[in-house]
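Student: Sending over a structure as structure tokens; questions will come in a sec.
The values are calculated or read from the model by the stated rules, or taken from the named source; none is laboratory data. The structure presented is a predicted model; accordingly, all values stated were derived computationally and were not measured. Cβ atoms come from the backbone with ideal geometry, glycine included; neighbour counts cover every protein chain shown. For the accessible areas, the whole protein counts, side chains as well, though only heavy atoms, and no ligand, DNA or RNA atoms are used. Shrake-Rupley method; radii C 1.70, N 1.55, O 1.52, S 1.80 Å.
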Amino acid sequence: MRAVGEHPKAADTVGVKVNRTRYRTILLAGAIAGMGGAFYTLVSVPQFNREMTGGAGYIALAAVIFGKWDPIRATPAALLFGFASNLRGVLGVLGAREPLPSQFMLMLPYVITIVAVAGSVGRSRPPAADGIPYQKE
């Protein structure tokens, strides 16, 4: 999959069916995302409403960028952002909400996300052939 995203012509040269691999990957990613969305709406959140994810998709995209487009590196980044989201509840239990307005606690995961991604600007690059359709010559 990495070769198909970085250099599809080289992958085609060694016999990999580039378009088939890309379609299978997109279908698999869509299925996994669909299962995650179904879990989120049916199990995790007690009711379905508008804005229920609260920008979590942008945080997931930030985890991919911060992880330099590598799933192994994106996992700790997602854990960092999840920790920041959970920190709001932990600080509330510990009583740290008293001196701070609740809006600052709601802002915490997004601020950490912005700081982390701003620190990785210029160091992370997407796959070279990302978004470029491949046509066999």
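Student: When you scan the stretch 90-116, how many residues do you find that are open to solvent by 60 Å² or more (accessible area, probe 1.4 Å) and either modelled with pLDDT of 85 or more or part of a helix (DSSP H, G or I) (or both)?
Tutor: Looking only at that region, the number is 12.
Student: Among the residues in the stretch 27-50, are any outside any helix (DSSP H, G or I) and at positive phi?
Tutor: Checking the stretch 27-50: not a single residue is outside any helix (DSSP H, G or I) and at positive phi.
Student: To continue, here is another question. Starting from the stretch 23-49, take each residue that is without any contact (Cβ under 8 Å) to a residue 40 or more places away in the chain and list its partners that are of a type outside the set (Gly, Ala, Ser) and surrounded by 10 or more Cβ atoms within 10 Å (Cβ to Cβ), counting only C-beta distances under 8 angstrom and pairs at least six apart or across chains.
Tutor: Thr25/Met1; Thr25/Val4; Tyr40/Met52; Tyr40/Thr53; Thr41/Met52; Val45/Met52; Phe48/Thr41
Student: What residue, of Gly119, Gly131, Gly55, is closer than 30 Å to Arg2 by Cα, small (Gly, Ala, Ser), within 19 Å of the chain's Cα centre (by Cα) and open to solvent by 40 Å² or more (accessible area, probe 1.4 Å)?
Tutor: Answer to the check: Gly131.
Student: Related question: Look through the stretch 58-89, keep the residues that are loosely packed, with under 15 Cβ neighbours inside 10 Å and polar (S, T, N, Q), and return whichever of them is farthest from Ala116 (Cα to Cα).
Tutor: Asn86
Student: Would it be correct to say that Tyr58 is within 30 Å of Pro8 (Cβ to Cβ) and touching a Pro at 6+ places or on another chain (Cβ under 7 Å)?
Tutor: Considered against the rule, which asks whether it is within 30 Å of Pro8 (Cβ to Cβ) and touching a Pro at 6+ places or on another chain (Cβ under 7 Å), Tyr58 comes out as no.
Student: Can you tell me which residue is modelled with the lowest pLDDT among those in the stretch 20-52 that are more than 27 Å from Ile114 (Cβ to Cβ) and open to solvent by less than 70 Å² (accessible area, probe 1.4 Å)?
Tutor: Ala38
Student: Quick check on my filter: what residues within the stretch 3-16 are under 27 Å from the mean Cα position of the chain (by Cα) and among the charged types (D, E, K, R)?
Tutor: Within the stretch 3-16, Glu6 is the sole residue that qualifies.
Student: Okay, next question. I want to confirm something. Restricting to the stretch 1-19 and keeping residues that are open to solvent by 100 Å² or more (accessible area, probe 1.4 Å) and in a helix (DSSP H, G or I), which single residue is nearest to Asp70 (Cα to Cα)?
Tutor: Looking at the filtered set, the residue picked out is Arg2.
Student: Which of the residues that make up the stretch 1-26 are hydrophobic (A, V, I, L, M, F, W, C) and closer than 17 Å to Pro133 by Cβ?
Tutor: The answer is Met1, Ala3, Val4, Ala10, Ala11, Val16, Val18, Ile26.
Student: Consider only pairs whose beta carbons are under 7 Å apart and that are at least six residues apart or on different chains; among these, list those whose first residue lies in the stretch 1-17 and is aliphatic (A, V, I, L, M) and whose second residue is part of a loop (DSSP other than H, G, I, E, B).
Tutor: Ala3/Val16; Val4/Val16
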